[in-house]
Amino acid sequence: MHPAIKIVILIIVSIFLTQGGWATLLLTGALLLPFYIVKRELFSPAIKMLYRLKWFFISILLIYYFYTPTVQQADLSILVQFSEQLTPGFFRILVLVFILFSVNLFIRTTSKEEILSALLWISSPLNFFNFQTDRISLRAVLTLEYIESLSKRLTQYKIDYKSFDKSDIGIGNSLIQRKKFAFLHLIKYSGIILREILEEAEATSGQAYTIEYLEPPEFVQYFFPIVLCLFFYLSLI
């Protein structure tokens, strides 16, 4: 499938998920499930992304629990009131989870070069309004490169910190002291990362980047977003 069509489909799915209900969630799950069954290796990065958002999900539940109005009736049990308060929060979390799985599928099935070329192709009509789409695409290239570099460095930081000699802290020290040590170690490592990134930025100054222009999608592929919009619209009725 054409990368630009993939981006349009991803946008459509995200919009309808935020505006739809349980039927939209079920439809999205039915569309995603075959891809994750065929390519089971997609689950691992998606689960890792979910794990990193665990505190964000917990904060959503807390917000909905304390700020969702409930019907105060004597015949309502505590369990019923508890479920009424948390159900909207669970729904919003599921929306984010399905969007995350959609983004993960898109990223794992599309190369970085295809994504950038697709963005350049989609934004090409802006050239008529004197928008410099080439410069925007170049910034996207640099951003993706440094995000990958930063991710690798943070992974290496975790490895280095686990193997770091913590004998100076002492087992008997308080939790606050251990957290203080970890925070100072993070600040020190962040300074090293910043220095390395600045050195790399100076070294790559003037480097030439090439982005291939994509051919337009086949005519039949234009029907995919239209059919998808129709299905999602029916799920809202």
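Quick note: the coordinates plus some simple rules give every number you see, no bench work behind them. Small disclaimer: the values here were computed from a predicted structure and weren't measured.
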What is the extension gain from E218 to S44, computed as 0.36 nm multiplied by their sequence separation minus the C-alpha to C-alpha distance, in nm to one decimal?
59.4 nm
Output ³J(HN,Hα) for region 30-35: one whole-Hz value per residue in order, computed from phi by the Karplus curve 6.51 cos²θ - 1.76 cosθ + 1.60 with θ = phi - 60°, and x for Gly and Pro.
5, 6, 7, 4, x, 5
Which entries in K54/K188; K48/K180; K48/K152; K48/K188; K112/K188; K6/K39 show an alpha-carbon gap greater than 24 Å?
K54/K188; K48/K180; K48/K188; K112/K188
Would you mind calculating the gained length between T87 and L53 on full extension (0.36 nm times residue separation, minus the Cα-Cα distance), in nm to one decimal?
10.4 nm
